[in-house]
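Data block below; observations after.
Readers should treat all values here as calculations from the given coordinates under stated rules, not as data from a laboratory. This one's a predicted model, so the numbers in the text were calculated from it and none came from an experiment. Because the Cβ atoms are built from the backbone with ideal geometry, glycine has one as well, and the counts that use them run over all protein chains shown.
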Amino acid sequence: MAGRAGGSLGRLRQLRQHHCHESAVAGGVRLGPGQQQLPVPVGHQVPTGGAAPPSVGAFLSHSGWNSTTESICGGVSMLCWPLCAEQTTNCRYTCTEWERGMEIDGDVRREQVEGQVREMMKGGKGKEKRRMAMKWKEKAEKAALPGGPSYLNLERLINDVLLQKGQH
């Protein structure tokens with residue numbers, strides 16, 4: 001679905017992630033007539049390479065692995081709307097194990113999304129999810145530092161696979 005939606009809804013565009021689709025509202029989510037837009041990035045709009053701007057309170061996503069890791073690196077909580085493939089597993093980890101997101105039910109209704117956006121942006125549960133998102137961002141940063149597990153695993157992969165090839 002592409003084109004103009006009119007007014008403050010902004011530009012709608014179709015995003016593709018593998019074989020799944022999602023619609024995005026550029027500039028935020030409008031909750032209803034006369035209500036403000038809430039800055040909830042959708043799709044591939046979470047900034048990488050640092051924390052998201054403070055105005056970004058949540059990331060509405062299908063919970064693909066790229067979107068999940070981008071939100072972790074950005075320190076942004078997620079509203080998960082899994083559709084297929086690994087997305088349900090990623091959603092479960094995001095919402096249950098890591099406690100940094102909330103799932104949107106498959107039988108989605110505007111009122112439900114509105115309530116979850118409001119909770120994530122202003123509610124106590126959302127505040128805790130945002131706190132946990134920052135905690136996971138810090139863990140990811142530490143893991144990638146020299147001597148951290150991610151750094152060491154990458155170094156081991158390079159040594160075991162790439163550098164060993166030249167010795168055969």
message: Quick check on packing: order 75-83, 107-115, 131-139 by the mean number of other C-beta atoms within 10 Å, highest mean leading.
response: 75-83, 131-139, 107-115
- prompt: Ordered by packing density, taken as the mean number of other Cβ atoms within 10 Å over each peptide's residues, highest first, how do 94-100, 146-152, 84-90 rank?
  reply: 94-100, 84-90, 146-152
- request: Please give the FRET efficiency for residue 108 paired with residue 152, using the beta carbon to beta carbon distance and R0 = 30 Å, rounded to the nearest 0.05.
  value: 0.15
- request: Across the range 83-149, how many lysine pairs, 8 or more positions apart or on different chains, have C-alpha atoms separated by under 16 Å? Please give the number.
  value: 5
